[in-house]
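Inspection log for the structure reproduced underneath, given as structure tokens.
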Amino acid sequence: KISVTSPQDALSMPDQAYSMSLQPMLAGLDKLAQGRQASAAERQQIITGLIGRILWVVLVPLLLAGAVIVSFQSVFALRLRKRIDAMAGVASRLQQGELAHRLPATEADEIGDLARAINHFIDTLESILHEVQQAATLVRDNSRTISGNSHAVSEQTRTNLSLARTVKRPNFNEL
């Protein structure tokens, strides 16, 4: 009915409803959205700050620990390599028969234990070789004595045989 009596008022009603109800509600929603965006931006900054702190608190110590571990491993590898090279040099001399050399066994670890065991083996082997050498010398001396005695017996036998030939044999038929 309003459109018949007052068409101009009928056309302005949606504009008035918009400006009276919807426009304030839209303004309130815009303010709320802007507030939420500002809050989200603040939270994003807080999160970024926390991530930065986590990087400094967690990753930097991890990187430092990794660097320390790598440096210790390098030093350990170098010391181990020097010890193995020293042992290889002595082993080479032992292989050539130079039993006077011993493996370096100064450390109290598995490699030091191994070196001490090998050194004990070399000491035992050297002792056995010394005993064998003494026994060989004794056998050589005894064989010379036996050979000399055998030669003396042989000479005595020849002398006795020669004397026996010069002695006149009795004739048993004459008796």
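Computed from point charges on the beta carbon alone (+1 for Lys and Arg, -1 for Asp and Glu), the dipole magnitude for the chain about its Cα centre is near 680 Debye. Taking 0.36 nm per residue of sequence separation and removing the Cα-Cα distance, the Met25/Gln37 pair yields an extension gain of 2.5 nm. Extension gain for Trp56 to Glu98 (0.36 nm times residue separation, less C-alpha to C-alpha distance): 9.2 nm. Using the Cα centre of the chain as origin and beta-carbon charges of +1 (Lys, Arg) and -1 (Asp, Glu), tell me which of Ile54, Ser147, Gln23 is placed farthest towards the positive end of the dipole. Projecting each Cα onto the dipole axis, the largest value belongs to Ser147.
Of all complete DSSP H helices in the chain, those with a Cα span along the helix axis of 18 Å or greater and a mean Kyte-Doolittle hydropathy of -1.0 or more are 23-54, 60-95, 110-166. The portion of the accessible surface of the range 78-128 made up by carbon and sulfur, rounded to a whole percent, is 60 (1.4 Å probe; DNA, RNA and ligands excluded). Just to confirm the filter: which trypsin sites (Lys or Arg not before Pro) across the range 1-93 are DSSP coil and have at most 12 other Cβ within 10 angstrom of their Cβ? Here the trypsin sites (Lys or Arg not before Pro) that fit, given the DSSP loop and packing criteria, are Lys1.
Can you give the longest run of the chain that contains no GluC sites (Glu not before Pro) sitting in a DSSP loop with at most 14 other Cβ atoms inside 10 Å? Don't skip to the end; give the middle numbers.
Details: sites that count: Glu98, Glu107, Glu174.
Free of exposed loop sites, the longest segment is 1-97.
Spherically averaged projected area of the convex hull of Cα atoms, the range 66-106: 3.1 nm². Farthest towards the positive end of the charge dipole of the range 63-175, among the residues Ala67, Ala135, Gly112, is the Cα of Ala135, using unit charges on the Cβ of Lys, Arg, Asp and Glu.
Restricting the calculation to Cα atoms, every distinct pair contributes to the Kirkwood radius of the range 1-137, found to be 24.4 Å.
Got the relative contact order for the range 75-169 handy, in percent, Cα pairs under 8 Å and 6 or more residues apart?
Numbers: 28 pairs, mean separation 13.1, N = 95.
After rounding, I find 14 percent.
Place a point 7 Å from the Cα of Val153 along the Cα-to-Cβ direction; which residues of the range 120-146 have their backbone N under 20 Å from it? It comes to 139-146, nothing else. Each Cα pair under 8 Å and six or more residues apart adds its separation to the average, and for the chain the resulting relative contact order is 7 percent. For the range 65-158, pairs of C-alpha atoms spaced more than 16 angstrom apart make up 71 percent of the total.
Only helical DSSP H runs with n ≥ 4 go in: add -39500 (n - 2.57) per run for the chain, normalise by residue count and round the 222 nm mean residue ellipticity to 500 deg cm²/dmol. Walk me through the numbers on the way to the answer.
On the way: 5 runs with 140 residues, N = 175.
Here the helix-only value at 222 nm equals -28500 deg cm²/dmol.
The values are calculated or read from the model by the stated rules, or taken from the named source; none is laboratory data. Quick caveat, the model's predicted, so the values are computed rather than measured. Don't worry about glycine lacking a Cβ; one is built from the backbone with ideal geometry, like all the others, and counts go over all protein chains shown. Calculation scope for accessible area: heavy atoms of the full protein, side chains included, ligands and nucleic acids excluded. Shrake-Rupley method; radii C 1.70, N 1.55, O 1.52, S 1.80 Å.
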